Amino acid sequence: MTRRLAGLALLPVSAVAAGTAAQAFPFAAVLLLGVFGLLIVLPFIPGLAEIWRPRDRYPLPVDMNYVKDPRYLGHAARALLAAALRGDDGPPGRRTVNLSKVEAVEVHDRLDISAGAQLTAIQLARGPMSVGDRAVCDRDIYARAGARIGDGAALRSLACDGRAALGRGVRITRWLDVEGDAYVGPQTALGANAAASGFLELADGVTFERLWGAPVRTTGYLGPRELPGAPAPFALPDVQEIRVVEDLASLHRGDLTVGPGETFDRPLVVKGDLRIRTGAIVDRTVKVYGGLTLEPGALLLGDAFVEGAVVVGEGAAVRGCVFSQDSVELGRGARVGAPGLVKSVVGKRRVTLACDVAVHGYVLTDGLGSVRCRDSD
Amino acid sequence: MVVLILKLYVLLVVVIMAIYAARHYRFTVNRLVGDQRLYYQDLIDSELPRISVLVPMHDEEKVARQSLEAILRCEYPRELLEIIPINDHSTDRTAAIIEELAARHDVIRPLHRHEGQRGKPAALNDALLVAAADVIIVFDADYLPARGSLRDLAISFKDPEVGAVMGRVVPVNTRANLLTRLLDLERSGGYQVDQQARHNLHLMPQYGGTVGGFRRDLALSFGGFDQRVLAEDTDLTYRLFINGWKVVYANRVECFEEVPETWEVRSRQIRRWSRGHNYVMFKHFGALLRSPYLTRAEKLDGLLLLTIYLVPVFLLTGIMDSVALFFMGEMQIVDSVLVFLFVATYNSFGNFAPFYQIGTASLLDGVTHRIRLLPFLMFYFLANIWTITHGFIQALGDRFLRRRRAEWDKTRRFRGEAPV
C-alpha cells in the first residue's frame, strides 16, 4: 500500500520527464488540492465529531446550593449515614448500605476498638466509643456520644456527637467533626478539616489545614487531664488618645510604625510594612502590601488584609479577621476575634500557633498549619 | 511615501498583535504554574456589611421570576439585605412579576421607572439614590446566583481598598447550539485564565457589571454612572483604579447566565460592548497614564485592556493594508532574517495564544472534550473583527458628535419560565 502511494506521488514527475505534462498536471493539481483540503479540514474533525455526537455539551457544574460551611464534611457524612440507616433501630451488627457506593457499616451500642485493631468497615457507635492505641480504621467513624482516640491511632475521619479527646500522634486522613468540645493531643495530624461546635483545643505539634471552633485554642501538652473549660473572655480595652497620623489620607506609601496613642480616622492602606508597637491601638482595618507586625501587647481592632507575612506578638490581639497571602504567626497568648463574634485567620502559605492562642472562629491555610508551643516557650 | 506608511502600518499591527499574544501567554502560564492569590471567600466573619442587590430589568418576563427567586434563596442575614428589582420602562409582565414577589417578601423593594432615559446606567443611578446599603451587588435579569454568592461577594468589601468585586459568569444554555458552546469556551478563557491571572499578578481585573458589586458612596462620588456610556462596568473599573481603588476577582463565585443563541443577537451584543468599551477608552486613556495610584504594570495592563476592542480594528485595517501592498507589488516589507523569524514565530505561536488560553481554562475546569471545538473559534473571531470594528466606528461618533446619544440595546432572552 505504502509503495503504491509512493508510486502515485512520483507519477507526475515521471510524466513530466516523459513529456506528458499536459495530462499529468490535472492529477498533480487534484492531489495537491486534496492534501491541502485535508490539512485544512483536519483540525476541525475532532470538533465535528463533538458536534455530531456531543460528549461535553453541558454547562460547567455550579453547585447552586454551595454555602461556605466549615463543618460541611461532618454534616454531610452524618446526613448520608442517617439517610442510609433510616429507621434502623435493630440490634448491633453489620449492614450493607448504599452511600456514594455500596459500603459495609458496623453498628454498635458501645464501641471499644482494641489496641492495634484494623477495621475496614464504617463504624457507627450509638453510645460512647473508644479507639485503642495504634488502631487503624480506613473508613469513617461516627460516634453518637463522646469519643476517646488512643495514641497513634490512624483514622480516615471521625464524626462525634459528644466530647472528643484525641491522644498523642493520632493521624486523621480526612476530617474531624465534633458536636461539643474537642481536645487534640500532641503531634496529631488533623487532615484537611477539623471542626468543633465547642472549643477545639490543640496541643503542641498538631498539624492542620482548616480549623473551626468556639474558639480554636492551643495549650501545651499537660498529660491526661480533664477537658479544660472555656478561656477567660477577651476584653477589648477602651480606645483613647485619638490622634490622626496622616492628613486625611488613608494611603501610606512606605513603611509605617504606629506607636502608643496614635490612631486613624479611616481605614489605612500601607504600601510597605506596618509595625504596631507595644501598647499601640489601631482601631481601623488595615491593608498592608508588605508585612504586618503586632509587637507584644499591641491591639488591632479592625481587620488585617496583608500581602506579606503577619506576626502577632506575645499577648497581642486582633479583634477582626487576619488574612495573609503569605503566612500568619500567632505568638503566645495572642487572641483573634472575641467571644460572640466569628472571625477568621487565613494564611495562604503557613499558619503557626503558639501556646495559649485563641481564635474565635476559623483558621485556614493552603500550606502547613501547625502548633509550636515549645519554640515560643 | 504612501508605500512607506503602509509598510510601517503593517509592522505596527504585527507588533501590537505580538504584544497581545505575549499577554495571553503570560496569563496562561501564570494560571498553569504561577502563584495563585487567594480571594476573600475563605473568610468567615459574623460582621457582614449591609447590601442592596440591584437587578435592572427591561421586558424580562421570561427570566425575572427565576432570577429573583434565586437571589431570595441566597443565604445572607435578612436584616442586612434588600433586593431592588428595577423595572426599567418594561412593557411586558415584568412589573407584575416583581410586585407579586415583593408582596410576599419584605426584602424586595421594587423601583419602577417610567420616565427618563432607559438603560442600565440610568436605572442604576436611580437605584443608587434609594438604596439603603453602602455595598451594592448587581445581577443582570437572566442571572442565577448560587446560595452563597451574596456573602462571598460582600465579604471582599471588608478590605478597605476594594472598590468593586467581580464573580465568574458561567453560560447555562451551552446545549443550545454551536454558538453557545463557543461562547462558553470564550467565557472560560476570559474568567478562569484572564481575570484570575490579572488578580494573581496585581494587574487590573475588570468589574463586569453583573455578578459583582461596588461601593455605593464611590459610585455616587463619581457622579453616578455616565449615561452616555454603554459599558458602564468598564467605565467604573477605570474610575476606580485611576482614583486608587482596586477591583478583585472571585473565581469561585460562579453564576449562571444565558448567552445569545443566535449570531444576530450576539453580533448586536458585542457591537454594543465594543461601542461602549471604545468610548471608555477615549474617556480614560490620558487619566490612566497620569494616575499616581497605579504601578507601571497596572498602567500597562490597564492600557492593553482599555484598547482591547481596538485590536480587531487594527487587524482588519492591517489585512486591508497587506492586500493593498500585495497588489502594489510591495510585499517585501522588511529585508531582514530576524524579522522573518519573528513573523514566522508569531505565525506559529502568536496566532494561537487565545486558543492556548481557552484550552488551559477548560483544562482547569476539568472539562476537556469541549476543547475539540477550539478550531471553530477561528470563525467566531473572524466574525467579531467586523462587528467590533463597527462598534468602534459608532464609538467615534459617540465621542466626537456631541448631539449623538447612545441608545441602550437590550439583549434578547431565550429562556422560558421553566423551573431551574
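The values are calculated or read from the model by the stated rules, or taken from the named source; none is laboratory data. Please read these numbers as outputs of a predicted model, since none were measured by experiment. FYI the Cβ positions are ideal-geometry reconstructions off the backbone, even for glycines, and counts take in every protein chain you see.
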Item checked: Test: residue B:227 is away from chain A (no Cβ under 12 Å) and either among the basic types (Lys, Arg) or under 15 Å from the mean Cα position of the chain (by Cα) (or both) -> no
Next item on the list: For segment B:86-113, name all the residues that are assigned to a helix (DSSP H, G or I) and crowded, with 21+ Cβ neighbours inside 10 Å.
Entry: B:94, B:97, B:98
Next item on the list: Identify, from the list A:169, A:162, A:180, A:191, the residue that is without any contact (Cβ under 8 Å) to a residue 24 or more places away in the chain and in a loop (DSSP other than H, G, I, E, B).
Entry: A:169
Notebook entry, point to check: Restricting attention to segment A:26-63, and to residues there that are more than 14 Å from chain B (Cβ to nearest Cβ) and either among the aromatic types (Phe, Trp, Tyr) or touching a residue at least 40 places away in the same chain (Cβ under 8 Å) (or both), which single residue is nearest to residue B:74 (Cα to Cα)?
Noted result: A:36
Next item on the list: Go through B:175, B:168 for me and flag whichever is over 22 Å from residue A:343 (Cβ atoms), in a loop (DSSP other than H, G, I, E, B), within 14 Å of chain A (Cβ to nearest Cβ) and not polar (S, T, N, Q).
Entry: B:175
Next item on the list: Could you list, in sequence order, all residues of segment A:355-377 that are away from chain B (no Cβ under 11 Å), at pLDDT 95 or above and buried (at least 20 other Cβ atoms within 10 Å of the Cβ)?
Entry: A:369, A:371
Notebook entry, point to check: Among the strands (runs of 3 or more DSSP E) confined wholly to segment A:258-377, which include 1 or more residues that are within 19 Å of residue A:216 (Cβ to Cβ)?
Noted result: A:292-294, A:304-306, A:310-312, A:322-324, A:327-330, A:343-347, A:350-353, A:358-371
Item checked: Only one of B:213, B:209 that is at pLDDT 90 or above and under 15 Å from the mean Cα position of the chain (by Cα) -> B:213
Margin query: Among the residues of segment B:64-76, are any within 14 Å of another protein chain (Cβ to nearest Cβ) and of a type in the set (Lys, Arg)?
Written below: yes
Notebook entry, point to check: Hey, any hits in segment B:230-244 for a residue that's modelled with pLDDT of 90 or more and among the small types (Gly, Ala, Ser)?
Noted result: no
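Residues checked against (1) within 30 Å of residue B:149 (Cα to Cα); (2) β-branched (Val, Ile, Thr); (3) at pLDDT 90 or above:
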position	(1), (2), (3)
A:46	no, no, yes
A:82	yes, no, no
A:87	no, no, no
A:96	no, yes, no
A:114	no, no, yes
A:120	no, yes, no
A:132	no, no, yes
Item checked: Residue that is more than 9 Å from chain B (Cβ to nearest Cβ), within 24 Å of the chain's Cα centre (by Cα) and hydroxyl-bearing (Ser, Thr, Tyr), where the choices are A:72, A:66 -> A:72
Item checked: Residue pairs meeting the criteria (Cβ under 6 Å; at least 6 apart or on separate chains; first farther than 17 Å from residue B:34 by Cβ, in segment B:183-195; second assigned to a helix (DSSP H, G or I) and not charged (D, E, K, R)) -> B:185/B:358; B:188/B:361; B:188/B:362
Check: In segment B:248-278, what residues are away from chain A (no Cβ under 14 Å), among the β-branched types (Val, Ile, Thr) and under 14 Å from the mean Cα position of the chain (by Cα)?
Finding: B:270
Checklist line | Those helices (runs of 4 or more DSSP H) lying entirely in segment B:335-400 with at least 2 residues among the charged types (D, E, K, R) | finding: B:377-400
Note to self: So residue B:141 passes all but one of these: (1) within 12 Å of another protein chain (Cβ to nearest Cβ); (2) in contact with a Ser or Thr (Cβ under 9 Å, 6 or more places away or on another chain); (3) buried (at least 23 other Cβ atoms within 10 Å of the Cβ). Which condition number does it fail?
What the structure shows: (1)
Check: closer than 22 Å to residue B:128 by Cβ, of a type in the set (Asp, Glu), surrounded by 23 or more Cβ atoms within 10 Å (Cβ to Cβ) and touching a Phe, Trp or Tyr at 6+ places or on another chain (Cβ under 6 Å) - does that describe any residue in segment B:235-258?
Finding: no
Notebook entry, point to check: In the list A:130, A:157, which residue meets the criterion of being surrounded by 16 or more Cβ atoms within 10 Å (Cβ to Cβ), of a type in the set (Gly, Ala, Ser) and either touching a residue at least 40 places away in the same chain (Cβ under 8 Å) or in contact with a Phe, Trp or Tyr (Cβ under 6 Å, 6 or more places away or on another chain) (or both)?
Noted result: A:157
Next item on the list: Output the residue which, of all residues in segment B:395-411 that are within 19 Å of the chain's Cα centre (by Cα) and surrounded by 16 or more Cβ atoms within 10 Å (Cβ to Cβ), is modelled with the highest pLDDT.
Entry: B:395
